[in-house]
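Here, each number is a calculation from the coordinates, and none is a lab measurement. Bear in mind that the values here come from a model prediction, so they are computed numbers and not experimental data. Methodologically, a virtual Cβ is constructed for each residue, glycine included, from the backbone with ideal geometry; neighbour enumeration extends over all protein chains shown.
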Amino acid sequence: MQEPLTTEGKQEVEAAAAAPTSASPGAAKPAESPIDPLTATIEEVSGETVEEVGAPSTPAALSWIDFFKPEGIPYALVILLIMIALTRLVSRQIERLAERFADRRLVIQQTGSFFLFVVYLLGILAVVFTLFDLTEQMLLAIGGTFAVAAGFAMKDLVASVVAGVIILVDRPFQVGDRVTFAGYYGEITHIGLRSVRMMTLDDTQVTIPNNLFLTESVASGNAGAVDMMIMVDLHIGLDQDLEEARRLLGEVVTTSRYVNLNRAWSVLAAEVIEQNYLAIRLRAKAYVLDARLEKAFQGDITERALKAFRSAGIGPPAVLHRSLD
């Protein structure tokens with residue numbers, strides 16, 4: 001026979017029967033409160049947390065003003081004043097030294113220009129470091145801006161370098177040639193990767209970027225040869241002895257000390273209008289021994305031919321009046 005339960009035992013059995021157990025498969029789940037579809041939020045329906053709409057996922061872009069240091073303005077002004085005073089002082093000293101040492105004037109001026117460039121560069125860098133906080137982001141921004149500016153500036157330089165290579169390979173002219181280009185005429189003294197230097201007949205140096213030769217026409221008088229054909233024009237009147245004038249001019253050409261008699265020469269005659277009146281133009285064409293003798297040959301032919309014409313009584317062009325009778 002089983003012993004009857006005490007009051008405490010009965011309470012423990014009733015408590016155990018009332019508590020649900022997770023191990024029993026048929027245990028009933030606790031009732032959940034129903035969800036109102038009209039008033040329920042997204043979190044209540046999905047059970048997930050939604051981030052706040054409009055929250056930035058990346059940091060906002062910074063502008064130049066974010067790196068500006070207003071407290072550096074007085075120091076920047078002081079640096080600018082010092083730079084201006086220093087450049088003026090250096091410029092005055094350069095002028096005085098150039099006047100005192102005239103034989104070294106060019107060297108002094110070139111050195112002074114380089115020194116002034118360094119002063120300006122250091123002054124600008126000092127102002128930038130004073131006014132801006134050069135963080136890593138600032139340096140990246142400056143580097144990007146400099147890269148874009150350098151790209152635009154290097155465009156013409158790269159084109160000139162490519163054109164210089166083409167000139168060296170194609171050889172439309174060479175150093176020492178007498179060349180006509182863009183209204184200039186002179187001797188080519190240097191062909192570089194960036195530019196070509198030409199010395200005109202009046203001793204003026206002209207620097208021409210190489211890329212211009214790719215789009216413009218260029219004429220070479222001797223095309224790499226030492227000798228070159230030179231033309232000299234003289235004018236006589238219509239009523240003068242043309243045959244005698246041609247003979248005299250031919251003698252002058254063949255007896256010139258600058259002419260290359262191994263090459264063909266000629267004297268051509270043509271009727272032209274010179275200063276609103278008719279004249280006969282005598283054109284002497286001959287090769288000089290060296291292209292550098294061009295002006296000497298022209299002066300020699302002109303001087304001796306005019307003297308021979310005067311001795312032979314051959315006059316210059318003149319206005320002729322024809323009688324009606």
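Note down the nm distance, to one decimal, between modelled labels 7 Å out along Cα→Cβ at residue 103 and at residue 292.
2.5
Taking 0.36 nm per residue of sequence separation and subtracting the Cα-Cα distance, how much length would be gained by fully extending the chain between residue 251 and residue 194, in nm to one decimal? Numbers along the way, then the final one.
On the way: separation 57, 0.36 × 57 = 20.52 nm, distance 4.69 nm.
Stretched fully, the residue 251-residue 194 segment lengthens by 15.8 nm.
Can you sort 113, 220, 160, 91 by how many other beta carbons sit within 10 Å, fewest first? Don't skip to the end; give the middle numbers.
Working: 113 11, 220 18, 160 22, 91 14.
Sorted ascending by nearby Cβ count, the order is 113, 91, 220, 160.
Which ordering of 82, 236, 167, 191 is given by a fewest-first count of other beta-carbon atoms within 10 Å? Kindly include the intermediate steps, with their values, before the conclusion.
Numbers: 82 13, 236 23, 167 20, 191 17.
Ordered by Cβ neighbours within 10 Å, fewest first: 82, 191, 167, 236.
So if we plug the beta-carbon distance of residue 216 and residue 165 into 1/(1 + (r/R0)^6) with R0 = 22 Å, what FRET efficiency do we get, rounded to 0.05?
Numbers: r = 18 Å, r/R0 = 0.81.
Plugging the Cβ-Cβ distance into 1/(1 + (r/R0)^6) gives 0.80.
Got a sec? How would 136, 303, 294 order by Cβ neighbour count within 10 Å, fewest to most? Show your work: numbers first, answer last.
Numbers: 136 7, 303 11, 294 19.
Placing the least packed residue first, the sequence is 136, 303, 294.
Quick check: the distance between the Cα centres of region 227-270 and region 177-221, to the nearest angstrom?
Here the answer is 30 Å between Cα centres.
Check which residues have an amide H placed less than 5 Å from residue 235's amide H, if you skip close sequence neighbours.
When sequence neighbours closer than 5 places are left aside, the close amide H contacts are 282.
Under the rule of at least 5 residues apart or a separate chain, name every residue whose amide H is placed under 5 Å from the amide H of residue 223.
178
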